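Below is one structure, written out as structure tokens, with a few remarks after it.
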Amino acid sequence: MKEMTRYRVTGTIALVSLAIILLPMLFDGDGLKPESVESLDSDGSELRQAVEAIDFSTVVPEHIVEVPELKVALDAREEIRETIDENGYLEDSATRIGDPVLSIEDTSTLAWAVQVGSFDQSENATALRDRLLSDGYSAWLSNIRKAGSNRTRVAVGPMLLRVDAVAIREELVDRYDGLEALIVGFSQ
């Protein structure tokens, strides 16, 4: 009986989740519109508002909220909310929530990346990332808040071995004149 109840609760959660996602798309006539990074508020307030707007207690029936696994998930959501500032950046690393975190490497570093630039204007960062991607590198962007302003970093990686990061750094410095690349720690 206990196993059957668990299946029912899991099925109910899955169906409610699907309904939350699909019903608005079916009835608004527009579907989902792709949004570029440039269209987001520069201060990240949209992201913060979206995180705060999620309230499972109004979507999930009350008897399901009492499920221990769901309570743990709701508590984890509250813990995450406490670590984000009003602009959508993690308070400890100043990185926008959801972006990879680059840090000074230390003895606890498990993965590495090569940071190839940091830009005030995201268009410049996007252009460099696109150039690196077209040349076959695994490049990506990461947004941070530094000294009160938003910056966009461009990095290549991640790599599990530091020797691979060193080799990629040397290759990038040789290939692109004037590029000052740094080996940094990578975490998600």
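Some points to look at:
- Taken over the stretch 1-16, the criterion of being loosely packed, with under 10 Cβ neighbours inside 10 Å and either touching a helix residue (DSSP H, G or I) at 6+ places or on another chain (Cβ under 6 Å) or basic (Lys, Arg) (or both) is satisfied by Lys2 alone.
- Identity of the residue in the stretch 145-161, closer than 14 Å to Trp112 by Cβ and exposed (fewer than 14 other Cβ atoms within 10 Å of the Cβ), that ends up farthest from the chain's Cα centre (by Cα): Leu161
- Qualifying residue in the stretch 165-179 (condition: touching a residue at least 60 places away in the same chain (Cβ under 8 Å), in a loop (DSSP other than H, G, I, E, B), exposed (fewer than 11 other Cβ atoms within 10 Å of the Cβ) and among the hydrophobic types (A, V, I, L, M, F, W, C)): no
Condition check ((1) closer than 30 Å to Tyr7 by Cβ; (2) of a type outside the set (A, V, I, L, M, F, W, C); (3) modelled with pLDDT under 90) across all residues:
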{"residue": "Ile64", "(1), (2), (3)": "yes, no, yes"}
{"residue": "Glu86", "(1), (2), (3)": "no, yes, yes"}
{"residue": "Thr95", "(1), (2), (3)": "no, yes, yes"}
{"residue": "Asp99", "(1), (2), (3)": "no, yes, yes"}
{"residue": "Leu102", "(1), (2), (3)": "no, no, yes"}
{"residue": "Glu105", "(1), (2), (3)": "no, yes, yes"}
{"residue": "Ser118", "(1), (2), (3)": "no, yes, yes"}
{"residue": "Asp130", "(1), (2), (3)": "no, yes, no"}
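The values are calculated or read from the model by the stated rules, or taken from the named source; none is laboratory data. This is a predicted model, so every value here is computed, not measured. Every residue, glycine among them, receives a Cβ derived from its backbone with ideal geometry; neighbour counts consider all protein chains shown.
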